[in-house]
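The values are calculated or read from the model by the stated rules, or taken from the named source; none is laboratory data. Predicted model only: the values in this text are computed from it and were never measured. When we count neighbours, we look across all protein chains shown, and the Cβ atoms used for this are built from the backbone with ideal geometry, even at glycine. Protein only, heavy atoms only, side chains kept; ligands, DNA and RNA dropped before computing areas. Shrake-Rupley method; radii C 1.70, N 1.55, O 1.52, S 1.80 Å.
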Amino acid sequence: GGGDGGGSGRDLLFYFNGNLGGTSQFENYSFGVRQQLRREYGHLAARAQRFADGGASGGGGVPYGERVIVTDVKTPRYSEMLSRSTFCGVMPGWGWSGRFEDAVLHGCIPVLLQDGIHTPFETVLDWRSYAVRV
């Protein structure tokens, strides 16, 4: 059982941990994608982290905001958080990162928030069968 109703043990809906472009130095970083994610979901990070750490959700199921973690706070539980998430963010940055592979290796569906990039092994694997591009 997990909180997702599918028995997978994935109680988090979405997880992203990385630079969110919170300073003026990073105002053009990631084409503004990470900054927008921070504006939309960053305020939920503390509540979501309390839930992820085993805190009570207030009863009546897990509120949506507590199932979405968008943070720039490094954690030694990165692997665990990916394994608990259904979807994992793969965002533009300043170069290549292993977030796509991290997500797949942890059974998390990668959510690509960038056009014009190639996915790992796309010449032999159809990424549309295990990832989402928004």
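With a requirement of 1 or more residues that are at pLDDT below 85 and not aliphatic (A, V, I, L, M), the helices (runs of 4 or more DSSP H) lying completely within the range 1-97 that satisfy it span 33-41, 45-52.
For the range 87-134, the candidate set comprises residues that are touching a Phe, Trp or Tyr at 6+ places or on another chain (Cβ under 6 Å) and among the aliphatic types (A, V, I, L, M); within that set, the residue that is most open to solvent (accessible area, probe 1.4 Å) is Ile109.
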